[in-house]
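Notes follow once the structure below has been shown.
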């Protein structure tokens with residue numbers, strides 16, 4: 001009992017001393033533990049004071065000195081940086097679908113946001129009827145000309161912007177440039193140059209995990225709030241809303257921090273121990289839509305690259321290759337019959353007319369099942385760009401972001417059919433127009449199995465493939481791995497084109513006849529196959545790259561849940 005009390009009380013006294021820097025207080029243990037006997041209290045006090053004196057002799061001065069130095073450093077950061085950080089109030093034309101944050105246990109439950117998307121950048125008022133909505137975010141001074149940087153999602157759809165400085169000065173703001181692909185925007189205010197304190201920008205490519213990270217912004221509208229943490233991870237990526245056809249994009253090289261970031265911090269600053277900008281807080285990962293220890297910031301390297309273009313032209317062009325892909329993992333490597341340790345980026349779909357399409361890259365045209373999920377394989381695998389190793393998809397987009405520009409020619413090292421090749425690709429600007437839903441072709445059922453997913457050839461599809469508009473048949477979209485079609489050498493589609501506003505896969509074989517009988521479409525092909533038996537050989541007449549060829553296919557028995 002004596003020893004346990006001595007440890008507990010001694011620990012409490014020592015902690016108090018180290019944090020406050022005060023002399024050991026004269027406390028009566030009987031006042032803390034009135035149930036302790038007087039003799040026990042005296043003995044415990046002697047033990048505590050002996051331990052405390054030992055602590056003072058060995059470590060009090062360094063601990064207090066370190067703490068004072070840290071406090072001085074943080075105070076200096078705040079003094080230097082806070083004049084650069086502003087509060088941004090926006091008015092949007094209509095109230096948002098998601099408003100405010102729950103305020104207490106009786107508040108209505110808020111709908112969940114899709115995983116990985118930015119959390120609410122600010123807190124909205126709660127109008128009863130549709131009306132203009134008001135929101136708050138953060139921003140920072142970029143230059144003496146009155147340019148203020150913030151997040152694109154803070155000022156999107158704003159019809160009025162008010163910028164408030166720490167000293168209370170207010171100015172109307174006007175958007176001069178936006179870039180949804182990096183979630184950055186620039187607004188302009190008319191303020192005296194001597195009242196503007198531009199932020200100093202650091203090189204985020206030199207930031208390391210474990211480095212001090214300080215966030216300053218306006219969480220929940222609380223102006224000039226500073227929070228402190230560390231850089232907890234590097235090289236994250238965040239999805240962005242901008243899409244074109246079937247392609248989606250992400251912001252690369254994102255900095256992760258445990259410095260508390262909350263709604264309203266968006267567009268503010270994340271600075272290093274010297275008060276230099278290393279990132280712009282943009283999103284959080286949280287089950288409660290408030291700080292949970294994981295915040296994300298757009299790195300200063302991207303900010304320094306994008307913002308000057310937003311100021312000069314109102315937009316920024318991102319280098320674009322023009323394909324969708326995925327990182328090769330163990331399961332995909334094994335399914336493709338390559339070295340299990342092989343890493344790189346598997347090309348899934350190639351966008352029609354894109355840089356990689358013109359360079360001749362091939363997308364995937366076979367389907368396999370991995371852990372109950374369909375996956376595409378068979379395309380080229382990118383293993384390097386300009387000699388820099390590519391182990392995962394983020395490596396590729398980070399290199400494009402850091403080291404390339406529109407119009408530049410890069411060299412991709414690819415694996416095709418197990419052989420390494422080099423392909424030169426001239427980058428173009430990423431398309432900015434949005435959006436189409438993913439194509440889904442009908443599956444056919446039956447006891448006899450060919451192993452394809454296909455679509456009727458329309459005049460638009462025929463023309464997109466360089467065939468006559470009156471061509472009829474079945475376009476092979478995908479081929480099941482190990483199916484009769486796969487073993488016979490049929491080719492699936494690997495390129496995406498836009499037809500009537502929808503993305504459509506093309507590039508595969510077109511089945512125009514089976515055993516000499518013309519095929520008019522999927523329904524007709526199914527009917528012809530239903531008349532055969534598993535194990536029977538059939539001759540398919542195909543259009544491939546503008547030429548007519550014939551392939552003999554030995555039909556199989558259709559497995560459960562397999563395409564025709």
- Task: Looking only at region 477-487, decide whether some residue is on the phi > 0 side of the Ramachandran plot, at pLDDT 80 or above and not assigned by TED's automatic domain parsing to the domain that holds residue 358.
- Result: no
- Message: Would you confirm whether or not region 264-279 contains a residue that is part of a loop (DSSP other than H, G, I, E, B), under 18 Å from the mean Cα position of the chain (by Cα), under 23 Å from residue 154 (Cβ atoms) and not assigned by TED's automatic domain parsing to the domain that holds residue 480?
- Response: yes
- Message: Only one of 368, 311 is under 30 Å from residue 261 (Cα atoms) and touching a residue at least 60 places away in the same chain (Cβ under 8 Å). Can you tell me which?
- Response: 311
- Residues located in region 535-558, provided they are over 17 Å from residue 484 (Cα atoms), part of a strand (DSSP E or B) and in contact (Cβ under 8 Å) with a residue 60 or more places away in the chain: 543
- Return a yes/no flag: does region 286-298 have any residue that is within 15 Å of residue 252 (Cα to Cα) and either touching a helix residue (DSSP H, G or I) at 6+ places or on another chain (Cβ under 8 Å) or surrounded by fewer than 22 Cβ atoms within 10 Å (Cβ to Cβ) (or both). no
- Message: For region 505-534, give me the residue count where each residue is assigned to a strand (DSSP E or B), in contact with a strand residue (DSSP E or B) (Cβ under 6 Å, 6 or more places away or on another chain) and farther than 19 Å from residue 483 by Cα.
- Response: 4
- Task: Just one of (1) more than 24 Å from residue 156 (Cα to Cα); (2) touching a residue at least 24 places away in the same chain (Cβ under 8 Å) trips up residue 194, so point out which.
- Result: (2)
- Query: Hey, does region 159-174 have a residue that's within 26 Å of the chain's Cα centre (by Cα) and either crowded, with 21+ Cβ neighbours inside 10 Å or at negative phi (or both)?
  - Reply: no
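Matching residues to (1) in a strand (DSSP E or B); (2) under 18 Å from the mean Cα position of the chain (by Cα):
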position: 283; (1), (2): yes, yes
position: 298; (1), (2): yes, yes
position: 302; (1), (2): no, yes
position: 307; (1), (2): no, no
position: 310; (1), (2): no, no
position: 314; (1), (2): no, no
position: 326; (1), (2): yes, yes
position: 342; (1), (2): no, no
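The values are calculated or read from the model by the stated rules, or taken from the named source; none is laboratory data. In this text the structure is predicted, and so the values were computed from the model without any measurement. Note that each Cβ is placed from the backbone with ideal geometry, even for glycine, and that neighbours are counted across all protein chains shown.
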